[in-house]
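The values are calculated or read from the model by the stated rules, or taken from the named source; none is laboratory data. Just so you know, these numbers come straight off a predicted model, no measurement behind them. A quick note on method: Cβ atoms are made from the backbone with ideal geometry, for glycine too, and the neighbour counts reach across all protein chains shown. Ligands, DNA and RNA are excluded from the accessible area calculation, which covers all protein heavy atoms including side chains. Shrake-Rupley method; radii C 1.70, N 1.55, O 1.52, S 1.80 Å.
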Amino acid sequence: MIKLKRVVKVKTFDVEGTVCVGRKKPEFLAVAQLAADFGRPLSGKDVAEELLGGLPTQIGWRVIDRCLSLGLLEKDNNNQAILSEIGRQMLEHKEVLVPEEGIWRFYYIIDPIIDEPFVHFTKLFVPNANDERKNLRNKNGSIPSGSELPENLKRLQDKDRLTETVKGNSFKVQCLSGKGEYGQDGEISLILSWNENELSPEVILSGEIDILPSRYDDKPSVLPLKKTIPSPASFNGISYNDLWCWLASKGEKTVEEEIITWIEKTGGRIMPISFSDTNEKDRINMIADLQIPPMKHQLCGEFNETSLNNIRMVPRTNEDAQQWLEWLQWRSIDAYTLPEQITHVAEILKEKFPYSKTEPLDADELLEKALNNFTDQRSRFLLAPYDLGLWR
Amino acid sequence: MFKPLKLSRIIPVTQPLPPCWMEKKEFFIQKDLYKSNIFCIGRDGLFRNALISAVDEAKEVVLAASFLFTDEKLSEAFVNAYERGVRVYVLSASETSLKNLGGDVEDFSARMAEEHAKFMDRIAGKALLRSAAHFHAKFLLVDPDYDFPKGYISTANFNKALTDSVELGIELSQQQTNELASWFSYVFWKESEHELLERGRLSRVKEPPAEPVEPLNEKIQVTTRNNKSLRTTIQSILEAAEKEIIISSFGIEKENLITELLVRKAKEGVAVTILTRPRPAVSEAVKLLESAGACVIAHEKLHAKALVTEKSAMIFTANIQAHGLDTGFETGVILSEDQRISLREILVSWKDIFPWHFANSASPKDHLGKISLADSSLKEGVLEVIKDFPVILGDIIADSVLSFDKTADPEFKAPHIKNFPQQITYTWTVKPPTLPLGAVEKFENYSKEITDDKGSIKIVTEKRPFIPPVFEHKGKAYVVVEKESDIEKATLLSEKFKAKVVVK
C-alpha cells in the first residue's frame, strides 16, 4: 500500500453573477419526466390533463413556458416544447438548475492531481448597498478596483452542469462579472492511497472549509470535508510498480535502477540494502519500513514524508549477505548451544539469502568470536558448554 | 562462760557434672601452616593468598564453588580475571538456603547473607554464577585441562573463615584438579537451580543442551544426587581403622551411619577422637560418642572437615550429617601417605590444644574452671566448676547446757548453685539454751530451829533459792547455770525437777 499526503490550498474568489443552483423542484421535474415519457413535444393540454388535474389548458401552457425558461424544455424546429439535454440531466439528478443572481464565493483548488478544482460555492449575504460598499472598501478607505476573474472561473462559464465536491450540489455558471475579489485561503489535506491490487489510486480531500454567511441571520461556520474525488487523469499511464520503485528510490538507500533490476531478478518488490544501513529489527525480519523524506513527483507534485511498509529486503552485495548471515547466526545464539545445533541453525539461516553467495560460520569460528567478545552476553551460551564439558 | 560453739563440715560433691564441655587451661592460637600441600588456615591468610594468586594467574578458566562468598579480595580477583578475558564460573548456595540458615550457625548471620548478595551483584555479568539450595562444596580450580592447572579444596567458605576459623585447605594434584573440574561441570549442568543473568536477576535454569557425562570417582569423592562416594569412602576408611581414628567436623548428627560407625569403632577399642565445635546441634551425637569411649574435643571456631586413621586420611567439605553425606553437593579427596602424616600432626595438635573437652558425667573433682553445658551454646553463658561453695547454716540451740557439745549436726541440704562446686563447706553455731522470759524462780522449803525470846527452841519452815537457781515457766522447769562449777549441782537439780539446764 502506498500512502501519500500533502496539504493543498483552497482558494476563494468572490464575484457577482448568475449561477444556476440545483434545487429540488418536483413540480417542474414532473413536466420534464412527462416529456421524457411521451418522447414527443408537450402541449398545454398534456400538462393540464396529466399533471394539473384537469385545470384549463392555458395553465398547462404557462407551466411549459416556465420549464422552457429553466432550460428543462427547449423548442424544436417546429417551435414545440421538447425535453432538452440539460433537462435530461436534471431529471437524472432529480434537480432543477434554478438561476440565482448575487455575489458568489467560489472555493477552488489548483493541484496537478485534482481534475475538478471547484470544491464548493456559496452565495454571500449582502444586506444593502451601503454595507456592500463597506465590505468592498479596503484599508486605505478606497473601494478596490477588483481582480480579474481567475482563468478556471472564466472557463466555468462554458461548461454545462457541474458538481461541487463538498456537498455534491449541482450548479451551472450562467454569467459572471469580469472582476471580483480574492477571499481568504484555507487548507485541506489531499490523501492518496494506492492498494497494489487496484489499478488506480484513491484520492481523498479531507479537512474543513470556512463558510461565510449566505443569509443575514447566519454566522460564519466551518464545513467538514472528507470526500473521495475521481481518480486523477495524471495517473493514467503510471502503474503501482512505477510509483513504488520511484518512492523506494527516494528512501536515500538505493537508486531506482537498482531496485528495478532486483525486481526483475526476483519477481517481487524487493529492496536491496547494505548491511550497514539496516537496523537490528530489520535484520532479523528481513522486512523493513522504508522512510521516505518529502519528495516531488514530476507529474503528481510534492508530497509529505511517508513510508513504504513491510518491504522485503535483500543484501545488496555478497559481502553484505555474508555480514548479515553472520549477524543472524550470532543473534540466533540465545541459549546454551552445541556445534551440531550451530550447524543446523546455520543451514536454516543460509536459506534466507537465496540470491547471494554466503558461507555460515562454523562452531569453531563462532567460539573464536565468543572468546574475542567475552563481554557480549551471548558469548556465555557458547563458552559455558565449551568450558564445562558439553562441547565434545 | 558458756560461749556459742562454732562448727563446720566439708562435704565433697559426688554428683557428676551434667554432659558438658570443659575448658582446658591451654590458650589456643590458630597458626598458618603449609605442609605436604595441606594448609592449616590461620590469621596470616596463607591459604587465602594462595587462592587469590591462583585466580590472578588464571589464563583461561576459573571454577569456584562455595556455600557462600563474601571475601572481597577474592571477588575482586574474579572480576580482574574476567576483565583479562578469563571465563569465571561460580557455584554457590541459593539465596533462599542462606536465609533459611538457623541461628545455630554461628559463623553466619544475616549480615553475611547480605554480603553474599553484594558479592553476587559485584560479579553479575562478569562471572557465570549458578546456585542451588544444596550446594555446599568449597573449592577453586584454575585452568583445568590446560597446561598448568591448579586446584584447591577448602573446608572454609570463601569469606572471613579463610583467615578466622579453624579450617583446612588442600592443594590438589593436576589429575585431582581435572577430575574435580569434571564434577563442577556435571553439577553445573545437572543440579543447578538458578542462574545469575544480571545484577539482581536470578532465573531458573533450563535443561542443558546435552546430557553431561557423569565423571568417575578416581581421585575425587563427592556427594551429588546420584553419587554418594564421599560417604562410602569415609565409611570404608573408618571400617578399615584398627587403632586410631581422628575425625573433625563442624556438624555431627546422632542418627547417621558414620556416627554409628564411630560409636562401634570406639566400643571395639579403636582410639576415636572427635574434633568439633561446641554447639547444641552436636550435643546428642557427642554424648553418644563419648559414652562409647570416644574422646571429644572442641573449638568454638572449628569448621574443618577431615579424617585420619592409621591407614588413610581425607579432607572433605561435608559435615557428618545426612545433608552433606546423603544429599547436597560436597567433595573430598583422599590424601597421600605424606599428607596423611601431616594431617595427623595437625589434628593431634588440635586435640592437644583445643580448649573444650566433652564429658557426659565427669566428676567435679576432675575439673576446675569453665564448663559449657552440652545443650546450651557458648553464647548462652559459660558456667564454672569451683573449688568450694560455703554454706552458712543457721544457729542451733542446744537442748541443754549439759549436752551442749553433743548437739546433733544440722541437716546439710545442698543449696541451688549456678556453678558446680567440688565441695560444699557448711558452717553453723551451737548456742546454749536460755531461760525463757517470764520464768519464775522456784524456791525450796527447809526447816530450821530457832530460839525465841523466851529461849525456847522452835522448828520453823522457811524458803530459800536453789543453788544453782531453778525456774519454772509454763509447767517446765529450768536450772540456770552461770559457771562450770554449777554443772554438778545443776545435774542433780535437773534430774530432780526434770528440768532443762539453761543459761540466763
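Full extension from residue A:197 to residue A:228: what is 0.36 nm times the residue separation minus their Cα-Cα distance, to one decimal in nm? Extending this stretch completely gives an extra 9.3 nm. Spacing of the modelled spin labels on residue B:386 and residue B:3, each 7 Å from Cα toward Cβ, amounts to 3.0 nm.
Rounding to the nearest 10 and keeping the result within 0 to 90°, find how far the Cα-based axis of helix A:26-38 lies from the longest principal axis of chain A. Roughly 90 degrees, rounded to the nearest 10.
This model, with +1 at the C-beta of Lys and Arg and -1 at the C-beta of Asp and Glu, gives region B:376-504 a dipole about its Cα centre of some 300 debye. Summed over both chains, the area buried between B and A is near 1600 Å², taken from the accessible surface of protein heavy atoms with a 1.4 Å probe. With both labels modelled 7 Å from their Cα along Cα-to-Cβ, the residue B:457 to residue A:343 distance reads 16.0 nm. Note on residue B:190: aspartates and glutamates with a C-alpha under 18 Å away, same-chain residues under 8 apart excluded, are A:387, B:179, B:207, B:211, B:214, B:326, B:330.
Going by accessible surface with a 1.4 Å probe and the largest first, B:143, B:452 read B:452, B:143. Here r is the Cβ-Cβ distance between residue B:211 and residue B:235 and R0 is 25 Å; the resulting FRET efficiency, rounded to 0.05, is 0.25. Under the convention that each Lys and Arg Cβ holds +1 and each Asp and Glu Cβ holds -1, the size of the dipole of the protein assembly as shown around its Cα centre is about 3700 debye.
Relative to the longest principal axis of the Cα atoms of chain B, the long axis of helix B:486-497 lies at roughly 80 degrees.
Averaged over the residues of peptide B:411-420, the number of Cβ atoms from other protein chains lying within 10 Å of each residue's Cβ is 0. In the protein assembly as shown, the DSSP beta bridges split such that about 75 percent are antiparallel, to the nearest 5. Over 10 Å intervals from 0, what percent of Cα-Cα pairs in chain B sits in each interval? Final binned percentages: 4, 16, 21, 16, 9, 6, 5, 6, 6, 5, 3, 2, 1, 1, 0, 0. Comparing A:311, B:180, B:427 along the charge dipole axis of the protein assembly as shown, the residue lying farthest to the positive side is B:427, per the Cβ-charge model.
Straight-line reach from residue B:418: taking Cα to Cα under 15 Å and skipping same-chain neighbours fewer than 8 places apart, the aspartates and glutamates in range are B:380, B:384, B:388. Set against the 2.2 N^0.38 Å expectation for a compact globular protein, region B:326-433 has a Cα radius of gyration ratio of 1.98. A dipole drawn for the protein assembly as shown from +1 and -1 charges on Cβ atoms has a positive end, and of B:327, A:146, A:186 the residue lying farthest that way is B:327. Compactness check for region B:419-504: Cα Rg over 2.2 N^0.38 Å is 1.78.
Taking all Cα pairs closer than 8 Å and separated by 6 or more residues, the relative contact order of chain B comes to 17 percent. In terms of its Cα atoms, region A:286-343 spans 58, 24, 13 Å along the principal axes, sorted from long to short. So how far, in whole Å, is the C-alpha centre of region B:233-283 from the one of region B:292-317? Here the answer is 8 Å between Cα centres.
Applying Stokes-Einstein at 37 °C and 0.692 mPa s to the Kirkwood radius of region A:1-121, computed over alpha-carbon pairs, gives a translational diffusion coefficient of 196 µm² s⁻¹. The value obtained for the protein assembly as shown, namely the Cα convex hull volume divided by the number of residues, is 489 Å³ per residue. For chain A, with all protein chains in place and a probe radius of 1.4 Å, 46% of the accessible heavy-atom surface sits on carbon or sulfur. Pairs from the list B:59/B:301; A:3/A:281; B:24/B:305 with a Cα-Cα gap above 31 Å: B:59/B:301.
Residues of region B:176-196 whose accessible area, computed with a 1.4 Å probe over protein heavy atoms, drops by at least 20 Å² once all protein chains are present relative to their chain alone are B:185, B:189, B:195.
What FRET efficiency do you get for residue A:221 and residue A:3 if R0 is 35 Å and r is their Cβ-Cβ distance, rounded to the nearest 0.05? That pair, residue A:221 with residue A:3, gives E of 0.70. A viscosity of 1.002 mPa s and a temperature of 20 °C, combined with the Kirkwood radius over Cα pairs in Stokes-Einstein, give a translational diffusion coefficient for region A:300-392 of 143 µm²/s.
Here region A:295-392 is assigned +1 on the Cβ of each Lys and Arg and -1 on the Cβ of each Asp and Glu. Its dipole about the Cα centre then comes out at about 280 debye. The residue list A:276, A:232, A:287 was ranked by how far each Cα lies along the charge dipole of region A:215-290 toward its positive end, using unit charges on Cβ atoms, and A:232 comes out on top. P(r) for chain A, from all Cα pairs and a bin width of 10 Å, is 4, 16, 17, 15, 14, 10, 8, 7, 5, 3, 1, 0 %, short bins first. With 21 Å as the limit on Cα-Cα distance, the pairs of B:463/B:496; B:31/B:351; A:179/A:219; B:442/B:504; A:25/A:167; B:31/B:265 that go past it are A:179/A:219; B:31/B:265. Heavy-atom surface analysis with a 1.4 Å probe gives region B:243-289 a carbon and sulfur content of 52 percent of its accessible area. The angle separating the long axis of helix B:46-56 from the principal Cα axis of greatest extent in chain B is about 20 degrees. Site pair residue B:491 and residue B:197 shows an inter-label distance of 10.8 nm when each label is modelled 7 Å from Cα along Cα→Cβ. At a threshold of 10 Å², the residues of region A:365-392 that become less accessible to a 1.4 Å probe in the full protein assembly than in their chain on its own are A:371, A:374, A:375, A:377, A:380, A:383, A:384, A:386, A:387, A:388, A:390, A:392. Comparing the full protein assembly with the isolated chain, the residues of region B:197-224 losing at least 50 square angstrom of accessible surface (1.4 Å probe) are B:209. Put B:183, A:61, A:327 in order of accessible area, highest first, and with a 1.4 Å probe you get A:61, A:327, B:183. Secondary structure note: in region B:249-407, about 65% of the DSSP beta bridges are antiparallel.
If you take the beta carbon distance between residue B:345 and residue A:375 as r and set R0 to 51 Å, what does 1/(1 + (r/R0)^6) give as a FRET efficiency, to the nearest 0.05? E(calc), rounded to 0.05, equals 0.60.
The mean accessible area for residues of the protein assembly as shown, using a 1.4 Å probe and ignoring ligands and nucleic acids, is 50 Å² per residue.
Comparing A:323, A:157, A:80 in a Gaussian network model of chain A where C-alpha atoms under 10 Å apart are linked, the largest mean-square fluctuation is found at A:80.
Only protein atoms count toward the accessible area here, which uses a 1.4 Å probe; on region B:324-368, the carbon and sulfur part of that area reaches 53 percent. Cross-link pairs exceeding 18 Å between alpha carbons, from the set B:118/B:150; A:9/A:250; B:126/B:206; A:9/A:227; A:159/A:227; B:431/B:500: B:118/B:150; A:9/A:250; B:126/B:206; A:159/A:227.
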